[in-house]
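The values are calculated or read from the model by the stated rules, or taken from the named source; none is laboratory data. Model, not experiment: these values are computed from the prediction. A quick note on method: Cβ atoms are made from the backbone with ideal geometry, for glycine too, and the neighbour counts reach across all protein chains shown.
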Amino acid sequence: MSQLAPIEEKQVILIVDDTPDNITLLSALLKDKYRIKIATNGVKAIAVASMQPSPDLILLDVMMPEMDGYETCRRLKQEPSTAEIPIIFLTAKSQVSDEEMGLSLGAVDYISKPVSPPIVLARVATQLNLVRARYLLQDQNKNLEYLVQDRTRKLAKMQDAIIMAMASLAETRDNETGNHIRRTQNYVAALARHLRHLPRFSAELTEQNIDLLYKSAPLHDIGKVGIPDNILLKPGKLDSDEFEIMKLHTTYGRETILSVERYLGESNEFLRFAREITYSHQEKWDGSGYPENLVGNAIPISARLMAVADVYDALISKRVYKPAFSHQEAVDIMRKGRGTHFDPEMLDVFMRIADEFKEIAQRFKENDSESA
């Protein structure tokens with residue numbers, strides 16, 4: 001159906017009749033108020049109705065050779081491009097059964113011949129007013145849909161900004177740079193997109209979940225806000241007691257996410273991923289990690305992804321206790337962690353796309369902290 005024309009433009013009526021006198025009469029009656037199109041049989045009517053601008057209304061004769069009005073109506077209603085155009089039958093057939101037939105095929109009205117000009121004008125005006133009202137309603141619905149989508153986009157953007165602010169706060173306390181969280185979330189998304197094609201990961205790593213992982217990854221170290229400065233900022237190696245305290249950042253992170261879930265009274269996939277990542281990203285495939293010494297597939301996929309991303313970035317980044325390793329040095333070190341620190345299949349995919357990690361690192365490079 002044609003788009004709503006400006007109010008000053010004439011609406012389009014298609015007159016379908018095989019009798020020239022009938023066409024002349026109807027055209028003369030309607031041409032001053034409406035734009036008229038003509039078809040002298042059903043086949044032409046279907047062709048004309050499909051052309052732009054498509055009719056806003058069709059006046060359709062019933063008794064025509066080859067293809068009568070009923071069959072023409074049936075075919076018009078079968079085509080998506082013409083199915084919504086209202087049809088008024090004009091016919092000398094005046095039996096109730098004839099009218100029932102026309103209305104059952106989808107016609108909106110049925111006018112008997114010989115036509116009464118006032119009746120034709122009134123019925124046509126009624127249907128075209130309904131057409132215009134329907135167009136206006138469709139436009140309003142589209143505007144409403146746009147406003148809802150716009151508000152949703154703005155809300156999502158605000159949520160993302162809050163997440164980044166919270167994550168940046170934790171990173172700042174740790175003397176790490178803001179681009180660390182940018183890099184790691186991009187590593188996670190890149191690795192997940194390659195893993196999603198493997199049967200073992202395909203159910204979890206849908207496109208929607210990858211987007212949620214990308215958004216939740218910056219929260220991985222949010223629990224560090226609860227670690228004392230003398231431990232968090234210590235330039236040397238932590239002793240055993242200090243390390244036990246440092247390990248608590250995973251628990252603090254999980255408790256932060258759980259408090260959000262309790263406040264909301266529910267959870268969702270984003271919060272689930274955030275909770276898994278904050279709590280379990282320090283677990284290792286062989287069970288030597290923390291806080292629960294989880295082994296293998298008991299470690300959530302989200303946390304295994306984060307482990308690869310976080311370790312790679314830590315290796316290529318300068319820290320108070322270590323220099324930055326080159327990209328190749330970092331890759332060589334991580335290769336040695338296959339099956340001990342990292343999920344073997346996940347690490348294999350990382351090795352295949354290591355250059356993509358390097359490109360991400362370069363894109364979000366710090367002035368003096370990278371040598372990748």
Quick one: Ala92 ticks every box in (1) out of contact with any Lys or Arg (no Cβ under 7 Å at 6 or more places or on another chain); (2) surrounded by fewer than 19 Cβ atoms within 10 Å (Cβ to Cβ) except a single one, so which number is it? (1)
Would a scan of the stretch 60-71 turn up a residue that is over 19 Å from Val124 (Cα atoms), in contact (Cβ under 8 Å) with a residue 40 or more places away in the chain and either hydroxyl-bearing (Ser, Thr, Tyr) or touching a Phe, Trp or Tyr at 6+ places or on another chain (Cβ under 9 Å) (or both)? no
Here is a check on your reading of the model: is Ala314 assigned to a helix (DSSP H, G or I), over 19 Å from Gln282 (Cα atoms) and in contact with a strand residue (DSSP E or B) (Cβ under 9 Å, 6 or more places away or on another chain)? no
Kindly evaluate Arg338 against the criterion of being within 24 Å of Gly226 (Cβ to Cβ), of a type in the set (Lys, Arg) and surrounded by fewer than 23 Cβ atoms within 10 Å (Cβ to Cβ). no
Condition met for Asn209 (surrounded by 13 or more Cβ atoms within 10 Å (Cβ to Cβ), of a type in the set (S, T, N, Q) and under 20 Å from Val188 (Cβ atoms)): yes
Residues of the stretch 218-248 satisfying the condition of being outside any helix (DSSP H, G or I) and of a type in the set (Val, Ile, Thr): Ile227
Among the numbered criteria (1) exposed (fewer than 11 other Cβ atoms within 10 Å of the Cβ); (2) more than 15 Å from Ala45 (Cβ to Cβ), which one does Glu66 miss? (2)
Pairs, please: C-beta under 8 Å, at least 6 apart or cross-chain, first residue in the same structural domain as Leu232 (by TED's automatic domain parsing) and in the stretch 244-270, second among the aromatic types (Phe, Trp, Tyr) and not in a helix (DSSP H, G or I)? Lys247/Tyr290; Thr250/Tyr290
For the stretch 342-365, the count of residues that are over 31 Å from the mean Cα position of the chain (by Cα) and either among the hydrophobic types (A, V, I, L, M, F, W, C) or surrounded by 20 or more Cβ atoms within 10 Å (Cβ to Cβ) (or both) equals 1
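Quick grid of which residues meet (1) not in a helix (DSSP H, G or I); (2) not hydrophobic (A, V, I, L, M, F, W, C):
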| position | (1), (2) |
| --- | --- |
| Leu90 | yes, no |
| Asp98 | no, yes |
| Met101 | no, no |
| Pro114 | yes, yes |
| Ile119 | no, no |
| Val124 | no, no |
| Asn129 | no, yes |
| Arg132 | no, yes |
| Leu136 | no, no |
Test: residue in the stretch 185-199 that is at pLDDT below 90 and surrounded by 16 or more Cβ atoms within 10 Å (Cβ to Cβ): no
First in the stretch 193-215 and over 12 Å from Phe270 (Cβ atoms), second anywhere and among the aromatic types (Phe, Trp, Tyr), Cβ under 8 Å, 6 or more apart: Leu195/Phe201
Residue among Arg304, Arg254 that is at pLDDT below 95, basic (Lys, Arg) and in a helix (DSSP H, G or I): Arg254
Which residues, taken from the stretch 257-290, are farther than 21 Å from Met346 by Cα and either part of a loop (DSSP other than H, G, I, E, B) or in contact with a Pro (Cβ under 6 Å, 6 or more places away or on another chain) (or both)? Gly265, Glu266, Ser267, Asn268
Answer residue from the stretch 321-337, given it is of a type outside the set (D, E, K, R) and in a loop (DSSP other than H, G, I, E, B) and is nearest to Ala309 (Cα to Cα) among those: Gly337
State which residue is surrounded by the fewest Cβ atoms within 10 Å (Cβ to Cβ) when the search covers only the stretch 291-312 and only residues that are without any contact (Cβ under 8 Å) to a residue 24 or more places away in the chain and in contact with a Ser or Thr (Cβ under 8 Å, 6 or more places away or on another chain). Glu292
